[in-house]
Amino acid sequence: MAPDLTSANRDLPSAPRSTIDRIRRVLVDALGLNVEHEQLTDETTLNDLAGLDSVAVLEFVVALEDEFGVELPPELLTLGFLGDLRRLASYIDARIVAAPRSG
């Protein structure tokens with residue numbers, strides 16, 4: 001049985017809508033899901049999307065890293081973390097802010 005991540009997310013800071021929207025788009029596009037990215041809510045988890053295997057999850061991770069220019073460390077590659085769109089967006093936003101500027 002998958003853990004209920006919804007209640008734990010109520011205390012998370014709100015990520016910018018653009019980040020969550022980009023994650024949704026990456027999720028749908030990278031995995032070829034038969035849904036519109038707008039249909040996914042902040043509470044949608046990867047567990048809600050039946051049929052995802054480890055290869056699909058890795059494809060999602062690679063697509064996220066390409067989209068946002070951040071690296072997700074191996075210890076975060078869990079369904080509990082990756083499947084929580086708000087938590088993932090907050091992490092990505094923090095990594096983007098903390099990333100050194102090139103130029």
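Some observations on this one:
- Output for the range 32-45, where each listed residue is of a type in the set (Asp, Glu) and loosely packed, with under 12 Cβ neighbours inside 10 Å: Glu36, Glu38
- Val55 vs. criteria without any contact (Cβ under 8 Å) to a residue 12 or more places away in the chain, surrounded by fewer than 17 Cβ atoms within 10 Å (Cβ to Cβ) and of a type in the set (Val, Ile, Thr): yes
- Residue among Asp21, Asp48, Asp29 that is among the acidic types (Asp, Glu), surrounded by 12 or more Cβ atoms within 10 Å (Cβ to Cβ) and modelled with pLDDT under 85: Asp48
- Count of the range 46-61 residues which are part of a helix (DSSP H, G or I) and farther than 20 Å from Val97 by Cα: 10
- Asn34 passes every criterion in (1) assigned to a helix (DSSP H, G or I); (2) free of Cβ contacts under 8 Å to residues at least 24 places away in the same chain; (3) not aliphatic (A, V, I, L, M) apart from (1).
- Filter result (over 16 Å from Ile20 (Cα atoms) and surrounded by 12 or more Cβ atoms within 10 Å (Cβ to Cβ)) within the range 73-98: Leu76, Leu77, Thr78, Leu79, Gly80
- Of all residues making up the range 62-84, the number that are under 16 Å from Arg95 (Cα atoms), acidic (Asp, Glu) and assigned to a loop (DSSP other than H, G, I, E, B): 1
The values are calculated or read from the model by the stated rules, or taken from the named source; none is laboratory data. Bear in mind the structure is a predicted one, so any value in this text is a computation, not a measurement. Because the Cβ atoms are built from the backbone with ideal geometry, glycine has one as well, and the counts that use them run over all protein chains shown.
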